[in-house]
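Participant: Next up is a structure, given as structure tokens.
The values are calculated or read from the model by the stated rules, or taken from the named source; none is laboratory data. Since this is a predicted model, take the numbers as computed values, not measurements. Cβ placement follows ideal geometry from the backbone for every residue including glycine, while neighbour counts extend to all protein chains displayed. Accessible surface is based on the protein model in full, side chains and every heavy atom, while ligands, DNA and RNA are left aside. Shrake-Rupley method; radii C 1.70, N 1.55, O 1.52, S 1.80 Å.
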Amino acid sequence: MGHIVQFTGLSGVGKTTLSNALLKWGQERHLKVMVIDGDVYRQTLCKDLGFSRADRLENINRLGAYAWSVATDYDLVCIAAINPFEEGRTGLRQQYGAILVWLRCKLETLISRDPKGLYRKALLPDTHPDKLHNLTGLNDTFEEPARADLVLDTDKLNPEQVLEAMVAFLKERQFI
Ligand SMILES: Nc1ncnc2c1ncn2[C@@H]1O[C@H](COP(=O)(O)OS(=O)(=O)O)[C@@H](OP(=O)(O)O)[C@H]1O
Ligand SMILES: Nc1ncnc2c1ncn2[C@@H]1O[C@H](COP(=O)(O)OP(=O)(O)O)[C@@H](O)[C@H]1O
């Protein structure tokens, strides 16, 4: 039975970057890693969901259940979603033993990265037709985790260093 890792962190923090780096790292070592990326599953399994609190909780619950259903076939299953609420994270920890990794970064840095233009849209005036009104961390809730198993600061560590710290943590816990 593989271990389940749930990430949490704002858009642009580096969830996909770290997950894909772990996938590649695993492939090179015959370790079976699966990535369940929130952004990707919102096009399929979670296509019907929006960004209300209820929908975000439903989203993480579905991703958790899916991770659990495939965990027998993998060494490690990573859930890479924003996962903004303690209720959702605690649920995954209690139901599936999913450990919690918080990818953290200053908002100014995320605003300057903004590869999808989401922060630019959220910063538009309220009256602008393209204004994004519920971007996590900017004008929607992100509850800082009280009990993360690991915190990685992606404005201090480059992607290689983030991967290195993650791998060291997984080895220390004997997850890999
Ligand atoms: N309002 C709002 N708030 C947050 N994110 C938004 C929003 N609208 C669209 N997006 C895009 O959706 C991706 C987040 O989906 P998740 O399933 O990870 O979010 S959540 O866990 O349900 O909060 C997120 O992907 P990432 O950028 O990879 O985090 C965004 O690209
Ligand atoms: N540790 C890091 N240091 C600097 N830039 C990073 C780091 N991790 C990711 N990035 C960059 O930030 C942007 C968003 O990364 P991404 O992995 O797509 O974030 P998320 O999946 O959390 O939305 C990308 O342009 C990526 O290259």
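Participant: What are the residues in region 1-20 that are surrounded by 19 or more Cβ atoms within 10 Å (Cβ to Cβ) and closer than 17 Å to residue 75 by Cα, if any?
Facilitator: Scanning region 1-20 gives 2, 3, 4, 5, 6, 7, 18, 19.
Participant: Which of the residues spanning region 26-65 are within 24 Å of residue 141 (Cα to Cα), more than 16 Å from ligand 2 (Cβ to nearest atom) and part of a helix (DSSP H, G or I)?
Facilitator: 53, 54, 55, 57, 58, 61, 62, 64, 65
Participant: Now for a different question. Among the residues that make up region 38-57, is at least one of them within 10 Å of ligand 1 (Cβ to nearest atom), buried (at least 16 other Cβ atoms within 10 Å of the Cβ), within 12 Å of the chain's Cα centre (by Cα) and not aromatic (Phe, Trp, Tyr)?
Facilitator: Yes, some residue in region 38-57 is within 10 Å of ligand 1 (Cβ to nearest atom), buried (at least 16 other Cβ atoms within 10 Å of the Cβ), within 12 Å of the chain's Cα centre (by Cα) and not aromatic (Phe, Trp, Tyr).
Participant: So, one more: How many of the residues in region 146-168 are closer than 17 Å to residue 98 by Cβ, more than 10 Å from ligand 2 (Cβ to nearest atom), touching a residue at least 60 places away in the same chain (Cβ under 8 Å) and open to solvent by less than 70 Å² (accessible area, probe 1.4 Å)? Don't jump to the end; show me each part of the working.
Facilitator: We begin by selecting, within region 146-168, every residue closer than 17 Å to residue 98 by Cβ; these are 146-152, 166.
Then keep just the ones that are more than 10 Å from ligand 2 (Cβ to nearest atom); that gives 146-151, 166.
Pick out the ones that are also touching a residue at least 60 places away in the same chain (Cβ under 8 Å) and you get 146, 148, 166.
If we keep only those that are open to solvent by less than 70 Å² (accessible area, probe 1.4 Å) as well, we get 148, 166.
So the count comes out to 2.
Participant: Counting only residues that are more than 16 Å from ligand 1 (Cβ to nearest atom), within 16 Å of the chain's Cα centre (by Cα) and of a type in the set (Phe, Trp, Tyr), how many does region 122-176 have?
Facilitator: Qualifying residue count, region 122-176: 0.
Rundown of residues vs (1) more than 25 Å from residue 89 (Cα to Cα); (2) among the basic types (Lys, Arg), yes/no style:
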{"residue": "108", "(1), (2)": "yes, no"}
{"residue": "115", "(1), (2)": "yes, no"}
{"residue": "120", "(1), (2)": "yes, yes"}
{"residue": "124", "(1), (2)": "yes, no"}
{"residue": "143", "(1), (2)": "no, no"}
{"residue": "148", "(1), (2)": "no, no"}
{"residue": "154", "(1), (2)": "no, no"}
{"residue": "158", "(1), (2)": "yes, no"}
{"residue": "162", "(1), (2)": "no, no"}
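Participant: List the number of the failed condition for residue 174; all other conditions in (1) among the polar types (S, T, N, Q); (2) at pLDDT 95 or above; (3) exposed (fewer than 13 other Cβ atoms within 10 Å of the Cβ) hold.
Facilitator: (2) is the only condition that residue 174 fails.
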